[in-house]
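One structure is given here, and the rest of the page talks about it.
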Amino acid sequence: MNIILKKGKEESLRRFHPWIFSGAVQRIEGQPEEGAVVRLCDWQGNFLALGHYQIGSITVRVLSFVEREIDNDFWKEKITEAYRLRLSLNLAENTANNTYRLVHGEGDGLPGLIVDVYADSAVLQAHSVGMHYARKAIAEAIVQVVKGVKNVYYKSESTLPFKAQYSDEKADGYLIGKASEEPVAMENGLKFRVDWLRGQKTGFFVDQRDNRSLLERYAKGRRVLNMFCYTGGFSFYAMRGGAELVHSVDSSAKAIELTNKNVALNFGNDPRHEAFAVDAFKYLDNIDGKYDLIVLDPPAFAKHRDALRNALRGYQKLNAKAFEQIRPGGILFTFSCSQVVSREQFRLAVFSAAAQSGRNVRILHQLTQPADHPVNIYHPEGEYLKGLVLFVE
Ligand code: SAH
């Protein structure tokens, strides 16, 4: 089935951008089902690319810029390519680390697909109807290609457009195998339980691995506050780094329970650690001089462009509280994972917060997402994680 683009709208595809918006479409030949593979052609009918068709503002997500079958071999080739990259990053087949992102959507040439690996299980998440229909073929390819992966769990109920979920059997569940009740995975030699059945995203925030390692190097002798701790990632790195005390805070009681379990898994009943289920803004009202290393890793304040202004105000308010109260000589790790907030906008919000506090602040590191979350150079929208490490005098 062919989708013919308006004259001139082939430009972005010639520069390998993987999306076609509805406004670029001249006409659709035939009646493709949502999720079908379609051929994109320029206004003169010349082939441009193959992709998944979807009803919505992004009409086609490109799978291939050459004409070929999108069959089992295609999925196997793409998963193999993605796996090779993780092997070269020393993340896969590494005894100290069996947690990594295997497929990062457009960054791996597979728009609409996320796959995270936790020990012998992969968690697959579809963000498009096309990937939803391809899920079984993708799962087969994963167990064939990725050494040690025996189970594939599908978790897409919250990420798929409404219709796809009901046109087929119930979305979430195991596609292949079944993991043990409380699976344990390992990141840089630290163990943690992942709850992909109930947890956020695919169960763990794999994207903070490198930033947690950096924090470990700064933790020695410090009094650490890990704000928005979720499963406690930054906390157990801080403990291994020799922190004097570590306080983990999250508004979700479930997150606090997971954090406590994970700390115990690595450090037993270590009195240096305590966790609190409290709202961040409340907790930060009263921490004057208590901490000299603070992590602020909030959820995305802006999920859409309309929410941008409020989000920037939120980042400013949050960071101001930390600047005002962190001990002299303190270090602040501050993040934004909102894709619509640019690096410059985030930095400006943090700058305003610093200015408001009147403290002397220097930037030590500018952080981003790790290499297993690659950014396709033709799709800059794929860059989302931003962080700053600041020294506060
Ligand atoms: N730093 C974590 C990931 C953070 S995800 C990691 O490395 O894994 C964001 C977390 O913020 C979620 O666990 C969510 O429960 C928590 N959260 C959201 N709003 C909050 C609030 N107002 N106060 C405290 N925690 C909040």
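A few remarks follow.
- Flag for residue 260 being part of a helix (DSSP H, G or I) and under 24 Å from residue 122 (Cα atoms): no
- Yes/no for residue 94 being surrounded by 13 or more Cβ atoms within 10 Å (Cβ to Cβ), of a type in the set (S, T, N, Q) and in contact (Cβ under 8 Å) with a residue 24 or more places away in the chain: no
- In the set 233, 242, only one residue is within 9 Å of the ligand (Cβ to nearest atom) and either touching a residue at least 40 places away in the same chain (Cβ under 8 Å) or surrounded by fewer than 17 Cβ atoms within 10 Å (Cβ to Cβ) (or both); that residue is 233.
- Of the numbered criteria (1) part of a helix (DSSP H, G or I); (2) surrounded by fewer than 17 Cβ atoms within 10 Å (Cβ to Cβ), the one residue 266 fails is (2).
- Filter pass, residue 56 being out of contact with any Cys (no Cβ under 6 Å at 6 or more places or on another chain) and either modelled with pLDDT under 95 or in the same structural domain as residue 381 (by TED's automatic domain parsing) (or both): yes
- Here is the figure for region 145-186: residues that are part of a loop (DSSP other than H, G, I, E, B), at pLDDT 80 or above and of a type in the set (S, T, N, Q) total 4.
- Test: residue 218 is under 20 Å from residue 336 (Cα atoms) and not assigned by TED's automatic domain parsing to the domain that holds residue 105: no
- All told, residue 283 falls short of being more than 12 Å from the ligand (Cβ to nearest atom) and hydroxyl-bearing (Ser, Thr, Tyr).
- Residues located in region 303-344, provided they are assigned to a strand (DSSP E or B), small (Gly, Ala, Ser) and within 16 Å of the ligand (Cβ to nearest atom): 336
- Verdict on residue 85 being touching a Phe, Trp or Tyr at 6+ places or on another chain (Cβ under 6 Å), touching a residue at least 60 places away in the same chain (Cβ under 8 Å) and surrounded by 14 or more Cβ atoms within 10 Å (Cβ to Cβ): no
- Within region 245-257, if we keep just the residues that are near the ligand (Cβ under 10 Å from one of its atoms) and of a type outside the set (S, T, N, Q), the residue that is farthest from the chain's Cα centre (by Cα) turns out to be 253.
- Check on residue 355, assigned to a helix (DSSP H, G or I) and in contact (Cβ under 8 Å) with a residue 12 or more places away in the chain: no
- Hey, residue 24 of a type in the set (A, V, I, L, M, F, W, C), buried (at least 16 other Cβ atoms within 10 Å of the Cβ) and under 20 Å from residue 143 (Cβ atoms) or not: no
- Residue in region 6-33 that is nearest to residue 132 (Cα to Cα), counting only those that are touching a strand residue (DSSP E or B) at 6+ places or on another chain (Cβ under 7 Å) and in a loop (DSSP other than H, G, I, E, B): 32
- Criterion (surrounded by 16 or more Cβ atoms within 10 Å (Cβ to Cβ) and out of contact with any helix residue (DSSP H, G or I) (no Cβ under 9 Å at 6 or more places or on another chain)) met by exactly one of 18, 32: 32
- Residues of region 340-369 satisfying the condition of being closer than 27 Å to residue 103 by Cβ, surrounded by fewer than 20 Cβ atoms within 10 Å (Cβ to Cβ) and not small (Gly, Ala, Ser): 340, 343, 366, 367, 368
- Residue tally, condition within 12 Å of the ligand (Cβ to nearest atom) and part of a loop (DSSP other than H, G, I, E, B), over region 196-218: 7
- Applying the criterion of being in contact with a strand residue (DSSP E or B) (Cβ under 9 Å, 6 or more places away or on another chain) and outside any loop (DSSP other than H, G, I, E, B) to the residues of region 285-302, the residue that is surrounded by the fewest Cβ atoms within 10 Å (Cβ to Cβ) is 296.
- Given (1) more than 15 Å from the ligand (Cβ to nearest atom); (2) in a strand (DSSP E or B), number of the condition residue 387 does not satisfy: (1)
- Residue match in region 302-318 (condition: closer than 20 Å to residue 195 by Cβ, touching a residue at least 24 places away in the same chain (Cβ under 8 Å) and out of contact with any Leu (no Cβ under 7 Å at 6 or more places or on another chain)): no
The values are calculated or read from the model by the stated rules, or taken from the named source; none is laboratory data. Owing to the predicted nature of the structure, the values given are computational and were not obtained by experimental measurement. With ideal geometry, Cβ positions are generated from the backbone for all residues, glycine too; neighbour counts draw on all protein chains shown.
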